[in-house]
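In what follows, a single structure is set out as structure tokens and then discussed.
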Amino acid sequence: MDIAFIKQYIPMYVEAGKLTLGIAFLGILFSLLIGFAASLILYYKLPIWRRVVQIYVELSRNTPLLVQLFFLYFGLPKLGIRFSSELCGVIGLSFLGGAYMTEAFRSGLSTVQKIQKESAQSLGLSKGQIMRYIIFPQALSVSIPAIVANMIFLIKETSVFSGIALADLMFVSKDLIGLYYKTEEALLMLVISYLIMLLPLSILGNVLERRMRISYV
Amino acid sequence: MEEIVQEQLLEIKDLEKSYEDDSPVLKDISLSVKKGEVVVLLGPSGCGKSTLLRTIMGLERIQGGEILLEGKNIVGKSEEARKERQNLGMVFQSYDLFPHMSILENLLLAPMKVQGRKREEAVQEARELLARVHLSDKENAYPSMLSGGQKQRVAIIRSLMMHPKLMLFDEVTAALDPEMVREVLDVVMELSEQGLTMLIVTHEMGFAKAVADRVLFLEGGKILEENTPENFFQKPDTERAQQFLQNFSYVSHRHVGR
């Protein structure tokens, strides 16, 4: 194992890690927004929109992210629409993550009993107030584990970004292996980089889940 | 002799309700409730009495007829109807407290968010009501820490916080352990003594007899009989009501000591 080599290229991994995290952060943010909006459409059974969401979720969850990215990066330019690698990464991740987050929110909303809505209605609360104060807080505590799992999943999915020429962690590692044949060193740094990003999130998820449970009993 | 003219609070005219498959649940229901009156709805399960309460509360769609509170329409999704329905309170069979909020927060939510009342003032009223139902020590507890009877008492005062003109009780003791029924019904009795107008669905016959000013007997989505509690429980007019009441009395077939 070439320690000097590892030391030399740590800054490169830090840079790639920052890029990966930046895109992942934006992708997760938009995923949450899409998921929240789409789950409300499903919850309120909005006509037409509901079908759109269902089709979107199925389409997005049943095609690999790499294929979605190829479509954005290589397909759309043929139609005259050209995005940068970074933008493709954010759009692709949001498209995929939005569908998973929709499911996470939807399953949470579906666990809130009808009587909760009815008793809130009987107290005169409006539809919006019922969602905000009664249904959403209860649904969220059920959804949190799935949401955190989705975040971890989405960060891991960024490893396919190298396929659209994004200089992410995977891209850097493949580069170093190709240039210097330092396979073990490059892969070790890759694994450690992902662990550094994901372990804290995983621990945070566990803590949140436990706290949510405790506050109920 | 002077007759006391009591104001009609609730008026239902020719109410029709059926489910999506067209099977009728309520047929041609007309009734009125005067201010301060306690009306008890009795009838076999599935007769439509719970549905009737739910339609009054606006939780069910109706196919025909009118429901008026002090002469104003309370049916439908319009803002006016929703505003008027804020004068109604309802307590359900299943414990319906909000599990993610403390007891005090449960009591404060609607007065503050719907009526826009000040927190301090609402807290004061909440504490007075909690004391009245002997739950002062529970204000910071969460619903899951309470017994069924305690939860129902909180549910009742949560509705009272909104100062309803009419309270609807839908089998509020049906899911309770027998020893907890009393503590809840005592609260309802107390409210009737204070002159609160109530429409009550119950299976507790002793309670019904004690609390009711008037009894309505429903079957098959229709009002079959309307009577005073004294007459109804001693000698109901209809045969169906007689049969119904027999379900609640037991004749001993044992011949011990003969």
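The values are calculated or read from the model by the stated rules, or taken from the named source; none is laboratory data. Since this is a predicted model, take the numbers as computed values, not measurements. Neighbour counts are summed over all protein chains in view; Cβ atoms, including those assigned to glycine, are modelled from backbone coordinates with ideal geometry. SASA here: full protein model, heavy atoms, side chains in, ligands and nucleic acids out. Shrake-Rupley method; radii C 1.70, N 1.55, O 1.52, S 1.80 Å.
Given a 10 angstrom Cα cut-off, can you work out which residue in A:Phe36, A:Phe161, A:Phe105 is the most mobile in a GNM of chain A?
Judging by the Gaussian network model, the answer is A:Phe36.
Please compute, for the alpha-carbon atoms of the protein assembly as shown, the extent along each of the three principal axes and give them in descending order in Å.
109, 58, 50
Heavy-atom accessible surface, probe 1.4 Å, ligands and DNA/RNA ignored: which residues of the stretch B:90-104 lose at least 30 Å² versus the isolated chain?
B:Phe92, B:Asp96, B:Phe98, B:Pro99, B:His100
Can you tell me the accessible area per residue over chain A, all protein chains present, probe 1.4 angstrom, in square angstrom?
Ligands and nucleic acids excluded, the figure is 53 Å² per residue.
Of B:Val181, B:His163, B:Leu146, which is farthest on the positive side of the dipole of the stretch B:110-182, counting Cα position, with +1 on Lys and Arg Cβ, -1 on Asp and Glu Cβ, and the Cα centre as origin?
It is B:His163, whose Cα lies furthest towards the positive end.
For the interface of chains A and B, what total accessible area is buried with a 1.4 Å probe, rounded to the nearest 100 Å²?
Separately minus together, A and B give about 1900 Å² buried.
Can you list residues from other chains, or at least 5 along the same chain, whose modelled amide H is less than 5 Å from the amide H of B:Leu218?
Counting only residues 5 or more places away or on other chains, the set is B:Leu42, B:Gly43, B:Leu224.
Starting at the first residue of the stretch A:178-189, write each ³J(HN,Hα) from the Karplus equation 6.51 cos²θ - 1.76 cosθ + 1.60 with θ = phi - 60°, in whole Hz, x for Gly and Pro.
My calculation for the stretch A:178-189 gives x, 7, 10, 6, 8, 4, 4, 4, 5, 5, 4, 5 Hz in order.
Is there a pair in B:Lys27/B:Lys151; A:Lys45/A:Lys117; B:Lys113/B:Lys209; B:Lys151/B:Lys209; B:Lys49/B:Lys209 whose C-alpha atoms are over 27 Å apart, and which pairs would that be?
Correct reply: B:Lys27/B:Lys151; B:Lys113/B:Lys209.
When the accessible area of the protein assembly as shown is split by element with a 1.4 Å probe, what percent falls to carbon and sulfur?
57 percent
Reachable aspartates and glutamates from A:Lys7, Cα under 19 Å, same-chain residues fewer than 8 places away excluded?
The reachable aspartates and glutamates, counting only those whose Cα sits under 19 Å from A:Lys7, are A:Glu15, A:Asp168, A:Asp175, A:Glu184, A:Glu185.
What are the residues whose amide H is under 5 Å from the amide H of B:Gly65, where those residues sit 5 or more places off or on another chain and H is modelled from the backbone?
B:Glu16
Output ³J(HN,Hα) for the stretch B:185-201: one whole-Hz value per residue in order, computed from phi by the Karplus curve 6.51 cos²θ - 1.76 cosθ + 1.60 with θ = phi - 60°, and x for Gly and Pro.
Listing the rounded values in order: 5, 4, 5, 5, 4, 4, 5, 5, 5, 7, x, 6, 6, 9, 10, 10, 9 Hz.
Could you report the accessible area of A:Met151 in Å², rounded to 10, computed with a 1.4 Å probe on the protein chains as they sit in the structure?
Here the residue's solvent-accessible area equals roughly 40 Å².
So how exposed is A:Arg51, as accessible area in Å² (1.4 Å probe, rounded to 10)?
Counting only protein heavy atoms, A:Arg51 exposes about 150 Å² to solvent.
Can you give me the long-range amide H partners of B:Leu166? Hydrogens built in the peptide plane at 1.01 Å from N, cutoff under 5 Å, separation of 5 or more residues or another chain.
Residues meeting the criterion, in which the H sits 1.01 Å from N, are B:Gly89.
Could you rank B:His203, B:His100 by how accessible they are, 1.4 Å probe, largest area first?
B:His203, B:His100
From largest accessible area down, sort B:Tyr250, B:Tyr95, A:Tyr9; use a 1.4 Å probe on the protein chains.
The residues order as B:Tyr250, B:Tyr95, A:Tyr9, largest area first.
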